[in-house]
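**Student:** This is the structure I want to talk about, given as structure tokens.
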Amino acid sequence: CVAGGWSAPLPRQMIRAPVLNTLLNAARTARQLLLRQNAFQDALGAVAVPEARASGASGGAAAAAGAPEALHLRDVSSSALWLLECKRVHRALGRALAGHDAASSERELKRMGELLKLGQGMQALGALRPALLRRQCMQMAMKWYNDGIQKGLDSGLVVPGTTTGVHAHVLLNIKVQASAGELIGREQEHRRTLDRRVQRGLAGTGYLDCNDDDLVGLTDNMKSIWASQLGSMAVWRKTKYSVPIGRDSLNKVTSFCQNASTREAVFERYYSGFGPEVDAAALDLLRTRQELARHLGFKSWAEFQLRPLSVGDPATARQLMDRFYKDSQSTLGPYVRRMETLGESSGAVARGGSRPSGSDGSITSKVAHTDEAFFRAMITREVDTWRLAEFFPAGCLPRLLDVVGRAYGVHFQEVQLPETIPRLLSGWHKSVRIYEVRDGASAGGTGAARTTSGGQRLGYVYLDLFARTSLLGRPRVALAGALMLCRGHTYLSMHLPEPGMGHNKLFNPEEVVAVAHELGHAVHMLCHNGSPQEFDDLPLDVKELPSTLAETIVMQPGTMAQYARHYATGGPPPDSLVRSCQRDVYFFIRYLQCASVSLGLHDEAFFDAQGATPAELRRSAVALWQRYSPVAAHPAFTPLGEDAGLYIGQGANHVAYMLCYLRVDAILHARSAGVSGAGAGASTGSDRRASEAARRWLSPEFAGRVRAQLLDRTFSGQRLAALLPPLVGEGGGAGAPPHPLPPLGGDASAMFSRVKQVAGA
């Protein structure tokens with residue numbers, strides 16, 4: 001998940017009609033000019049947030065006080081109107097600075113920063129037009145903003161670690177621009193290059209011609225998207241199925257295909273798409289980051305990015321990851337032994353002989369890397385996820401929204417339905433679902449029509465479910481993400497695959513988890529008691545906690561029963577099916593492997609990018625992945641073909657997600673310490689415990705505690721700036737506020753025990 005923004009442009013969210021878009025956008029812009037209105041000013045709110053707070057509004061309601069309506073995309077599509085509003089704020093900022101008015105300077109800098117954030121969000125959505133002027137307008141506004149901050153720093157009106165409304169990274173860039181500006185620009189360019197090459201590898205190139213015999217084990221629903229829409233009329237096809245060599249196909253074939261040669265062929269061809277050019281791009285990025293980190297006063301990029309987290313430094317993070325893997329061994333061991341037994345019975349694993357042992361005593365396996373996903377899917381009954389998908393039709397989305405809303409004390413109401421004419425006028429693509437979010441859980445029970453009018457309006461969520469496809473029919477592969485466009489408006493991009501022609505969309509369990517995760521981000525952004533800058537500068541292990549909590553709650557058996565309904569019969573899923581699809585220990589192991597690669601390659605204590613070659617980078621990446629893998633890596637394998645490739649572009653701080661999983665487990669099971677986890681038993685009474693846990697987690701009391709202690713709570717927005725030596729001098733961080741969350745124990749054994757019990761392993 002990417003919370004806060006993306007490094008690469010998102011798929012365009014306007015309707016796909018360039019000429020019509022130009023005419024309608026121009027008409028909306030002309031209307032605003034004639035009426036002397038500006039939608040960008042309206043979007044940021046005519047009522048100042050401090051005034052709204054003074055009137056008694058809650059944090060989220062105060063944040064949305066000036067944004068009462070959903071965004072009309074065409075109204076905020078003009079780069080000229082956006083630049084005019086930036087110019088107006090720039091003039092007000094100049095007057096405040098000239099008058100040495102600290103309060104007014106801070107207010108106008110905050111507003112200018114929010115305008116830039118909204119403009120960048122519209123640019124990422126491809127909505128800011130005309131494209132020829134977009135870059136020049138953005139550069140001009142950035143210059144005004146940076147000049148204003150520089151004058152504030154020179155006059156003492158802007159104080160890093162004290163002044164609110166200015167991002168720490170903006171202050172940092174300005175402070176080091178003269179000496180490190182070229183390095184910062186190079187780091188951004190190298191990151192974009194790596195993202196492009198990883199995306200190309202994830203999407204894949206080429207196809208594998210297959211018939212039903214080659215794909216034995218895959219259901220018709222799995223294979224449907226690889227068959228021609230013309231069926232037998234597609235006489236030019238050599239075979240019935242044309243399997244694209246990409247990430248989605250790899251996951252399906254290696255997990256469910258019973259033909260070992262097909263699994264191996266897809267595996268090898270997929271990873272061959274991550275050649276030396278990907279390693280070279282990663283190495284260029286790592287070298288630049290290492291040099292930049294030293295310039296900023298840090299030993300490595302990992303140290304720079306981990307400083308705000310509760311772990312604080314790479315060594316502590318690595319110790320926690322090692323402990324996490326060690327605690328997983330008692331749960332992992334039975335899985336590995338069952339995989340080997342299946343492998344021996346099928347002839348894929350030699351019978352007898354000793355199992356190789358890890359140097360640290362960790363569990364290892366004789367199963368081949370190309371067969372691991374298949375045998376793991378068999379023992380974890382992963383095929384049941386496709387059976388469970390029958391209980392997650394598109395119609396379950398309102399019930400899922402209801403569950404997330406009850407967990408956080410809010411409710412969602414869909415507005416601006418995806419109908420052709422209204423969307424043509426507003427500009428939003430029909431795949432984007434728009435929801436109004438109000439304070440207070442919905443009344444009337446799960447899935448009831450939410451017509452409740454009470455409660456403060458927190459804002460709007462723009463939920464884009466499906467990935468756009470290229471002209472060749474390949475979907476864009478990317479992490480899901482949440483973007484705060486401005487206060488009261490949050491855009492979620494899920495990048496889910498669309499259903500094949502003639503098929504209805506059925507969400508698989510991981511897609512449901514992803515939607516719940518991003519909804520958790522959205523509610524957090526709308527409830528946040530502060531400015532967008534203060535939200536963006538929160539530590540990652542704080543920003544990811546509400547989303548991790550939401551995804552964990554919706555997957556629990558007692559909760560799932562409240563929104564899962566069969567697409568044909570409308571009945572709930574059997575309890576045995578629900579439990580077989582719970583997250584198992586391998587979910588956490590796969591995450592740990594990719595996080596290990598990203599952390600290790602950014603840590604100079606393990607990998608020195610300056611003196612390394614692309615081949616050495618690949619070997620180091622495999623070694624870091626192998627550290628937490630029970631199977632030996634295949635010669636064709638590279639972790640950059642996994643999530644690790646995307647993680648490297650984002651940085652070295654993905655240990656934050658592990659911290660969040662540990663915290664969420666502690667939050668949900670605080671009452672069951674020393675006892676079988678609430679809602680997690682597989683013995684007699686497990687259904688009752690699951691129902692009791694769901695009632696507790698979806699109760700107003702639980703939502704109230706989460707809101708008060710996390711979502712609505714005011715955290716210091718200046719802590720990050722106070723941790724950076726270039727902003728506060730040598731020894732930066734000595735006077736910074738402590739991490740906003742309480743200390744967390746590193747013992748994960750209780751969590752893995754509950755994972756094993758919930759799944760019925």
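The values are calculated or read from the model by the stated rules, or taken from the named source; none is laboratory data. Just so we're clear, the structure is a prediction, and the values are computed from it rather than from any experiment. Quick reminder, even Gly has a Cβ in these numbers, built from the backbone with ideal geometry, and neighbours come from all protein chains shown. Quick note on the areas: whole protein, heavy atoms, side chains included, nothing else; ligands and nucleic acids left out. Shrake-Rupley method; radii C 1.70, N 1.55, O 1.52, S 1.80 Å.
**Student:** Looking at the structure I just gave you, is R191 among the basic types (K, R), under 30 Å from G275 (Cβ atoms) and open to solvent by 70 Å² or more (accessible area, probe 1.4 Å)? Steps first, answer last, please.
**Tutor:** Values: among the basic types (K, R): yes; under 30 Å from G275 (Cβ atoms): yes; open to solvent by 70 Å² or more (accessible area, probe 1.4 Å): no.
Answer is no for this residue.
**Student:** Right, here's the next one. Only one of R263, R269, R289 is within 30 Å of P725 (Cβ to Cβ), among the charged types (D, E, K, R) and assigned to a helix (DSSP H, G or I); which?
**Tutor:** R289
**Student:** A further question on this structure: From (1) closer than 27 Å to A27 by Cβ; (2) modelled with pLDDT under 95; (3) open to solvent by 50 Å² or more (accessible area, probe 1.4 Å); (4) of a type in the set (K, R), pick out the condition that doesn't hold for K87.
**Tutor:** (2)
**Student:** Looking at (1) closer than 29 Å to A748 by Cβ; (2) open to solvent by less than 20 Å² (accessible area, probe 1.4 Å), which one does S330 not meet, given that it meets all the others?
**Tutor:** (2)
**Student:** Suppose we keep only residues that are open to solvent by 70 Å² or more (accessible area, probe 1.4 Å) and in contact (Cβ under 8 Å) with a residue 60 or more places away in the chain within segment 171-185. Which one would you say is farthest from R294 (Cα to Cα)? Quick ask: steps written out before the conclusion?
**Tutor:** So in segment 171-185, the residues open to solvent by 70 Å² or more (accessible area, probe 1.4 Å) come out as 175, 177-179, 182.
From what is left, the residues that are in contact (Cβ under 8 Å) with a residue 60 or more places away in the chain are 175, 179.
Working: K175: 15, S179: 12 Å.
Taking the candidates together, the pick is K175.
**Student:** Which of the residues spanning segment 186-211 are acidic (D, E) and touching a residue at least 60 places away in the same chain (Cβ under 8 Å)?
**Tutor:** E187, D195 - these are the residues of segment 186-211 that are acidic (D, E) and touching a residue at least 60 places away in the same chain (Cβ under 8 Å).
**Student:** State yes or no: is P546 in contact (Cβ under 8 Å) with a residue 40 or more places away in the chain and either open to solvent by less than 10 Å² (accessible area, probe 1.4 Å) or aliphatic (A, V, I, L, M) (or both)? Walk me through how you get there before you give the answer.
**Tutor:** On the way: in contact (Cβ under 8 Å) with a residue 40 or more places away in the chain: yes; either open to solvent by less than 10 Å² (accessible area, probe 1.4 Å) or aliphatic (A, V, I, L, M) (or both): yes.
Here the answer is yes, as P546 does meet what is asked.
**Student:** A further question follows. Taking segment 136-170, which residues are among the hydrophobic types (A, V, I, L, M, F, W, C), open to solvent by less than 10 Å² (accessible area, probe 1.4 Å) and not in a helix (DSSP H, G or I)?
**Tutor:** Hits for segment 136-170 are V158, V166.
**Student:** Another one. Within segment 306-323, does at least one residue satisfy the condition of being open to solvent by less than 40 Å² (accessible area, probe 1.4 Å), within 26 Å of I648 (Cα to Cα) and charged (D, E, K, R)?
**Tutor:** Yes, segment 306-323 contains a residue that is open to solvent by less than 40 Å² (accessible area, probe 1.4 Å), within 26 Å of I648 (Cα to Cα) and charged (D, E, K, R).
**Student:** Now for a different question. Take R28 and tell me if it is at pLDDT below 95 and either assigned to a helix (DSSP H, G or I) or buried (at least 19 other Cβ atoms within 10 Å of the Cβ) (or both).
**Tutor:** So R28 fits the description; yes.
**Student:** If you don't mind, another one. Return the residues of segment 715-743 that are closer than 23 Å to V664 by Cα, under 25 Å from the mean Cα position of the chain (by Cα) and at pLDDT 85 or above; say none if nothing qualifies.
**Tutor:** F715, H739, P740, L741, P742, P743, listed by residue number.
**Student:** From the list A516, A561, A522, A550, exactly one residue is at pLDDT below 95 and small (G, A, S). Which is it?
**Tutor:** None of the others qualify; the one that does is A561.
**Student:** Considering Y567, Y628, Y647, Y591, which residue is open to solvent by less than 50 Å² (accessible area, probe 1.4 Å), in contact with a helix residue (DSSP H, G or I) (Cβ under 9 Å, 6 or more places away or on another chain), hydroxyl-bearing (S, T, Y) and more than 26 Å from H190 (Cβ to Cβ)? Quick ask: steps written out before the conclusion?
**Tutor:** Working: Y567 fails: open to solvent by less than 50 Å² (accessible area, probe 1.4 Å); Y647 fails: more than 26 Å from H190 (Cβ to Cβ); Y591 fails: more than 26 Å from H190 (Cβ to Cβ).
Y628 is the lone residue from the list that is open to solvent by less than 50 Å² (accessible area, probe 1.4 Å), in contact with a helix residue (DSSP H, G or I) (Cβ under 9 Å, 6 or more places away or on another chain), hydroxyl-bearing (S, T, Y) and more than 26 Å from H190 (Cβ to Cβ).
**Student:** Hey, can you tell me all the residues within segment 246-267 that are closer than 15 Å to Y207 by Cβ, surrounded by fewer than 22 Cβ atoms within 10 Å (Cβ to Cβ) and either among the β-branched types (V, I, T) or more than 25 Å from the chain's Cα centre (by Cα) (or both)?
**Tutor:** T262, A265
**Student:** Residue check, F607 against (1) closer than 30 Å to F304 by Cβ; (2) open to solvent by less than 30 Å² (accessible area, probe 1.4 Å); (3) part of a helix (DSSP H, G or I), all met but one. Which one?
**Tutor:** Status for F607: all satisfied but (3).
**Student:** Another question, then. Which helices (runs of 4 or more DSSP H) does segment 479-589 wholly contain that include 2 or more residues that are of a type outside the set (S, T, N, Q) and in contact with a Ser or Thr (Cβ under 6 Å, 6 or more places away or on another chain)?
**Tutor:** Fully inside segment 479-589 and qualifying: 509-527.
**Student:** Ok, one more. Just to check your reading of the model, which residue among E534, E511, E518 is within 17 Å of F392 (Cβ to Cβ), surrounded by fewer than 24 Cβ atoms within 10 Å (Cβ to Cβ) and not aromatic (F, W, Y)?
**Tutor:** Step by step, each of E534, E511, E518 is checked, and only E511 is within 17 Å of F392 (Cβ to Cβ), surrounded by fewer than 24 Cβ atoms within 10 Å (Cβ to Cβ) and not aromatic (F, W, Y).
**Student:** List the pairs whose first member sits in segment 398-422 and is without any contact (Cβ under 8 Å) to a residue 60 or more places away in the chain, whose second member is among the β-branched types (V, I, T) and surrounded by 19 or more Cβ atoms within 10 Å (Cβ to Cβ), and whose Cβ atoms are under 6 Å apart, counting only residues at least 6 apart or on separate chains?
**Tutor:** Within 6 Å, the pairs are F412/V437.
**Student:** Something else now. Can you name the condition, by its number, that S79 falls short on among (1) modelled with pLDDT under 90; (2) crowded, with 22+ Cβ neighbours inside 10 Å; (3) over 17 Å from T490 (Cα atoms)?
**Tutor:** Here S79 clears every test but (1).
**Student:** Somewhere in segment 208-227, is a residue open to solvent by 30 Å² or more (accessible area, probe 1.4 Å), of a type in the set (V, I, T) and modelled with pLDDT of 90 or more?
**Tutor:** yes
**Student:** Now for a different question. Restricting segment 377-395 to residues that are among the hydrophobic types (A, V, I, L, M, F, W, C) and in a helix (DSSP H, G or I), which is farthest from V367 (Cα to Cα)? Show your work before the answer.
**Tutor:** As a first pass, look at segment 377-395 and keep what is among the hydrophobic types (A, V, I, L, M, F, W, C): 377-379, 383, 386, 388-389, 391-392, 394.
From the residues that got through so far, the ones that are in a helix (DSSP H, G or I) too are 377-379, 386, 388-389, 391, 394.
Details: A377: 13, M378: 13, I379: 13, W386: 25, L388: 28, A389: 29, F391: 33, A394: 38 Å.
Across segment 377-395, the extreme among qualifying residues is A394.
To keep it simple, each residue is scored yes or no on (1) surrounded by 20 or more Cβ atoms within 10 Å (Cβ to Cβ); (2) modelled with pLDDT of 80 or more; (3) not in a helix (DSSP H, G or I).
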{"site": "E414", "(1), (2), (3)": "no, yes, yes"}
{"site": "I421", "(1), (2), (3)": "no, yes, no"}
{"site": "R433", "(1), (2), (3)": "yes, yes, yes"}
{"site": "T446", "(1), (2), (3)": "no, no, yes"}
{"site": "G455", "(1), (2), (3)": "no, yes, yes"}
{"site": "G473", "(1), (2), (3)": "no, no, yes"}
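**Student:** Let me ask something else about it. Anything in segment 272-286 that is part of a helix (DSSP H, G or I) and surrounded by fewer than 19 Cβ atoms within 10 Å (Cβ to Cβ)? List them, or say none. Quick ask: steps written out before the conclusion?
**Tutor:** Here is the first cut: in segment 272-286, the ones part of a helix (DSSP H, G or I) are 276-286.
Across segment 272-286, the qualifying residues are P276, E277, A280.
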